[in-house]
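Undergrad: Pasting a structure here, questions to come.
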Amino acid sequence: MFNCAMGVWPIKYLGVPVSGSRLHVKDWLILDEKLLKRLDGWKGSALSIGGRTTLIKTCLSSIPIYCMSMYLIPKTIHKKMDCTRKRFFWQGGGMKKKYHLVKWCKIAKPKQKGGLGIHDLRKMNLSLLCKWWWKVEKGEGLWQEIVRKKYVKQNCSSHLKYKATNSPVWNDLLKVREYYLKGRVMVVGNGKITDFWLDPWCGAAALKDKFPDLYIICNEKFCSVASMAQRGWRLTFRRWLDEEKQNQLRRLQDITTSFALGRERDCPRWIWGKTGRFSVKSMYKHFFSEEANEPNKKIWKTKLPLKIKIFMWLIQQNSILTKDNLLKRGWNGDSKCMFCREDESIIHLFFECSMAKYVWSMVAMVVGGDCRPSSFDQFWYWVKIFMPRAEKFHMVGLAGICWALWKLEILCALKRKR
Ligand SMILES: [Zn+2]
């Protein structure tokens, strides 16, 4: 009648796929295709590893951000995008397969945690979606109003349940809720949308965690603070309370009975930021909070070209292609060092080899030292003794010597091949 062509789901709106039903993995393949398309234009193999890292950080990793801030992207697609970024990192745009010397999960950690600071897209996706929870609980606006009317109603966030009839986007938000709830506490006003047991509202921990024994046998498991206040904070239990639990109950009552409700709406507060407000950055950072700190300040704070910094970082991971590392990866060439015919390893190449010893002896002579360092750890003691005042140049010197020795090794290896 209108002379229009029939369309098919999903359609694209402002670059984002939109569908009446759940989007499938195949609908998201466009994300990886976008990355690949961008790679086509780059002369990846002509770039240094530093240049490639910069491009991954500034461009490849930010392409999917817009979609990730609205949808929970399937894990398969995240894996595909990781593969594309990983391949570009190690082998540039070329098809020739190269060794991937460090695990991607290590590279995609913040620098503070020992990685290269490339974004972990899955964790970024979860962090971006958590922001919607903050908006639902805190913000005012049309979207919030619709969501509150349709899904939240007078419920606490922790009570909302997954339903097949919900919109797929809302169900995805329910999947990331657990991450959000870990970082927010409630500032109770009228107590209507704060759960008595599950939400932290008097102190940093939830009452469920403060009094786990009482929570297990309590009859009022899903109760808001407002309704508990209405019944005079009276709890009923499935079993008799022994003396220990009686004491716990008394302690709990001490907390609750002194509490007075206000009139205003309950309000969330974010505990992982200084301002009390949610930020994607703080959420993302928290995903790595349990991992040990490994700041590598000496490498990242020194003024050096990025490719040299990454080279020093790779040495630290024992992951440059010395012959012992090549052998571990199934290579079957001559494992001996080209200068002195001993087994070649990182420590050999940079300190124990006759060529390295020669270079270090010369350096020692210049700085007036009577010995030379024989390992990376020893270097730092050694250099502090002989050049105590030039601390900011120590890393530059070490990187310069290592880079020169490495280039020399590669040059010799290439000559021999010819
Ligand atoms: Zn050697």
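Undergrad: Give just the number: which of (1) away from the ligand (no atom under 12 Å from the Cβ); (2) part of a loop (DSSP other than H, G, I, E, B); (3) not small (G, A, S) does I410 not satisfy?
TA: Among (1) away from the ligand (no atom under 12 Å from the Cβ); (2) part of a loop (DSSP other than H, G, I, E, B); (3) not small (G, A, S), the lone unmet condition for I410 is (2).
Undergrad: Still on this structure, I have one more. Could you list, ordered by first residue, the pairs with Cβ atoms under 7 Å in which the first is in the stretch 337-359 and in the same structural domain as L408 (by TED's automatic domain parsing) and closer than 13 Å to D324 by Cβ and the second is within 7 Å of the ligand (Cβ to nearest atom) and among the acidic types (D, E), at least 6 apart or interchain?
TA: Correct list of pairs: C337/E344; H348/E342.
Undergrad: Further question on the same structure: Is it the case that some residue within the stretch 393-410 is over 36 Å from the mean Cα position of the chain (by Cα) and hydrophobic (A, V, I, L, M, F, W, C)?
TA: Yes.
Undergrad: If you don't mind, another one. Before we move on, is D242 over 24 Å from V187 (Cβ atoms), of a type in the set (D, E) and under 40 Å from the mean Cα position of the chain (by Cα)? Talk me through it step by step, then tell me what you get.
TA: On the way: over 24 Å from V187 (Cβ atoms): yes; of a type in the set (D, E): yes; under 40 Å from the mean Cα position of the chain (by Cα): no.
Judged against the criteria, D242 is not a match.
Undergrad: Please enumerate the residues belonging to the stretch 208-246 that are of a type in the set (G, A, S) and either part of a helix (DSSP H, G or I) or within 24 Å of C267 (Cβ to Cβ) (or both).
TA: Of the stretch 208-246, the ones of a type in the set (G, A, S) are 224, 226-227, 229, 232.
Across the stretch 208-246, the qualifying residues are S224, A226, S227, A229.
Undergrad: Also, I was wondering about something else. Tally time: how many residues in the stretch 88-101 are surrounded by fewer than 19 Cβ atoms within 10 Å (Cβ to Cβ) and either outside any loop (DSSP other than H, G, I, E, B) or modelled with pLDDT of 95 or more (or both)?
TA: 2
Undergrad: In addition: Output the residues belonging to the stretch 145-183 that are in a helix (DSSP H, G or I) and aliphatic (A, V, I, L, M). Outline the logic, then answer.
TA: Looking only at the stretch 145-183, we keep the residues that are in a helix (DSSP H, G or I), and these are 145-152, 157-159, 168-183.
Once the filter is applied, which keeps residues that are in a helix (DSSP H, G or I) and aliphatic (A, V, I, L, M), the stretch 145-183 yields I146, V147, V152, V169, L173, L174, V176, L181.
Undergrad: Pairs needed: first member in the stretch 390-418, of a type outside the set (A, V, I, L, M, F, W, C); second member anywhere, surrounded by 13 or more Cβ atoms within 10 Å (Cβ to Cβ); C-beta distance under 6 Å; at least 6 residues apart or different chains.
TA: H394/V383
Undergrad: Then there is this: Among all residue pairs at least 6 apart or on different chains, which show Cβ distances below 6 Å where the first residue, located in the stretch 213-227, is more than 11 Å from Q248 (Cβ to Cβ) and the second is of a type in the set (S, T, Y)?
TA: Close Cβ pairs (under 6 Å, with a partner that is of a type in the set (S, T, Y)) amount to N219/T236; V225/T194.
Undergrad: OK, next. Mind telling me which of the residues L55, L72 ends up being aliphatic (A, V, I, L, M) and outside any loop (DSSP other than H, G, I, E, B)? Before you say what the answer is, go through the steps one by one.
TA: Numbers: L72 fails: outside any loop (DSSP other than H, G, I, E, B).
One residue alone meets the criteria, L55.
Undergrad: Just give me the residues in the stretch 257-276 being under 28 Å from the mean Cα position of the chain (by Cα) and in contact (Cβ under 8 Å) with a residue 60 or more places away in the chain, in sequence order. Can you show your working first?
TA: Step one: filter the stretch 257-276 for residues under 28 Å from the mean Cα position of the chain (by Cα), giving 267-276.
C267, P268, R269, W270, I271, W272 - these are the residues of the stretch 257-276 that are under 28 Å from the mean Cα position of the chain (by Cα) and in contact (Cβ under 8 Å) with a residue 60 or more places away in the chain.
Undergrad: Out of the stretch 319-336, which residues are of a type outside the set (G, A, S), under 18 Å from W403 (Cβ atoms) and either within 10 Å of the ligand (Cβ to nearest atom) or out of contact with any helix residue (DSSP H, G or I) (no Cβ under 6 Å at 6 or more places or on another chain) (or both)? Outline the logic, then answer.
TA: Taking the stretch 319-336 and keeping what is of a type outside the set (G, A, S), we get 320-329, 331-332, 334, 336.
Still in the list and also under 18 Å from W403 (Cβ atoms): 320-322, 325.
The answer is L321, N325.
Undergrad: With the checklist (1) under 30 Å from S19 (Cβ atoms); (2) surrounded by fewer than 20 Cβ atoms within 10 Å (Cβ to Cβ); (3) free of Cβ contacts under 8 Å to residues at least 60 places away in the same chain in hand, flag the one item R239 doesn't pass.
TA: (1)
Undergrad: For the stretch 352-396, how many residues meet the condition of being β-branched (V, I, T), away from the ligand (no atom under 16 Å from the Cβ) and closer than 22 Å to Q316 by Cβ? Show your work before the answer.
TA: We begin by selecting, within the stretch 352-396, every residue β-branched (V, I, T); these are 359, 363, 366-367, 383, 385, 396.
Narrowing further to those that are away from the ligand (no atom under 16 Å from the Cβ): 363, 366-367, 383, 385, 396.
Subsequent filtering for residues that are closer than 22 Å to Q316 by Cβ retains 363, 383, 396.
Looking only at that region, the number is 3.
Undergrad: Here is a follow-up. Can you name every residue in the stretch 171-204 that is surrounded by fewer than 17 Cβ atoms within 10 Å (Cβ to Cβ) and of a type in the set (F, W, Y)?
TA: none
Undergrad: Between K103, K86, K80, which is free of Cβ contacts under 8 Å to residues at least 60 places away in the same chain and touching a His at 6+ places or on another chain (Cβ under 7 Å)? Break it down into steps so the answer makes sense when it comes.
TA: On the way: K103 fails: touching a His at 6+ places or on another chain (Cβ under 7 Å); K80 fails: touching a His at 6+ places or on another chain (Cβ under 7 Å).
That would be K86, the only listed residue that is free of Cβ contacts under 8 Å to residues at least 60 places away in the same chain and touching a His at 6+ places or on another chain (Cβ under 7 Å).
Undergrad: Of the numbered conditions (1) touching a residue at least 12 places away in the same chain (Cβ under 8 Å); (2) surrounded by fewer than 19 Cβ atoms within 10 Å (Cβ to Cβ); (3) touching a strand residue (DSSP E or B) at 6+ places or on another chain (Cβ under 6 Å), L47 fails exactly one; give the number of that condition.
TA: (3)
Undergrad: Here is a follow-up. Would you mind telling me which numbered condition in (1) closer than 30 Å to G330 by Cα; (2) surrounded by fewer than 19 Cβ atoms within 10 Å (Cβ to Cβ); (3) modelled with pLDDT of 90 or more R85 fails?
TA: Of everything listed in (1) closer than 30 Å to G330 by Cα; (2) surrounded by fewer than 19 Cβ atoms within 10 Å (Cβ to Cβ); (3) modelled with pLDDT of 90 or more, R85 misses just condition (2).
The values are calculated or read from the model by the stated rules, or taken from the named source; none is laboratory data. For clarity, every value in this text was computed on a predicted model and none was experimentally measured. Heads up, the Cβs are rebuilt from the backbone with ideal geometry, glycines too, and the neighbour counts pull from every protein chain shown.
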